[in-house]
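Okay, so here's the structure we're looking at.
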Amino acid sequence: MSYGFRSLTRKDLPLIARWLAEPHVAEWWGDPDEEIASIREHIDSISVEPLIIELDGQPIGYLQSYDPHLEDDHPYQDQPFGTLGIDLSIGVPDLVGVGHGSAIIRQFVEELFAEGTPRVIIDPDPANLRAIRAYEKAGFKAFDTRTSVYGPALMMARDNDEGEFS
């Protein structure tokens with residue numbers, strides 16, 4: 001199975017708002033109005049790349065990658081230079097819990113590694129066991145537990161075994 005990743009546009013915001021209202025998403029994301037405002041700001045951001053995940057041409061989720069070194073005072077600036085962080089949610093309830101999460105992450109991370117990214121991090125809430133399992137299946141390993149402005153986080157990473165000059 002192959003997923004598509006396209007840039008989020010303002011036209012996607014009503015769809016994102018619907019997904020944020022879904023119970024399986026709302027449980028782990030903040031206030032929907034604040035999240036939409038933040039995602040809207042990301043459209044023109046240099047530090048965050050907001051994307052729509054597509055399956056067979058249909059939007060199924062939201063993914064963002066970010067560079068913690070491009071944001072003032074980001075709590076993950078202790079990561080090696082070049083590290084990218086990712087966050088994602090599958091918006092379509094019927095597609096949750098059937099393997100899409102780990103497959104999406106695996107494919108996206110492989111694409112980042114092919115572009116030379118040395119490390120990818122993700123920071124699920126330690127209570128979000130479903131997400132943690134999906135990230136482990138995608139090759140991520142826990143390395144720290146933190147509490148930041150974003151709340152409690154199990155820090156997980158996957159390193160590019162090929163290195164920067166593959």
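Each reported figure results from applying straightforward, stated rules to the coordinates on display, with no laboratory input. Just so it is clear, the model here is predicted, and its values are computed rather than measured. Don't worry about glycine lacking a Cβ; one is built from the backbone with ideal geometry, like all the others, and counts go over all protein chains shown.
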### Task
Divide by every residue of the chain the summed helix terms, -39500 (n - 2.57) for each DSSP H run of at least 4, and state the resulting mean residue ellipticity at 222 nm, rounded to the nearest 500 deg cm²/dmol.
-8500 deg cm²/dmol
### Query
What is the Å³ per residue value for the convex hull set by the Cα atoms of the chain?
116
### Message
Just want the answer: with Cβ charges of +1 for Lys and Arg and -1 for Asp and Glu, which residue in P80, S65, L55 is farthest toward the dipole's positive end in the range 55-98?
### Response
L55
### Exposure proxy order (Cβ contacts within 10 Å, fewest to most) of V25, V96
V96, V25
#### Entry: Residue order, fewest to most surrounding Cβ atoms within 10 angstrom, among L84, L95, L129
L129, L95, L84
### Query
Antiparallel DSSP bridges in the chain: what percent, to the nearest 5?
95
### Task
Just report the Cα centroid separation between the range 1-42 and the range 86-134, whole Å.
15
### Query
What does the charge count near G101 come to, summing +1 for each Lys or Arg and -1 for each Asp or Glu among other residues with Cβ under 9 Å from its Cβ?
+3
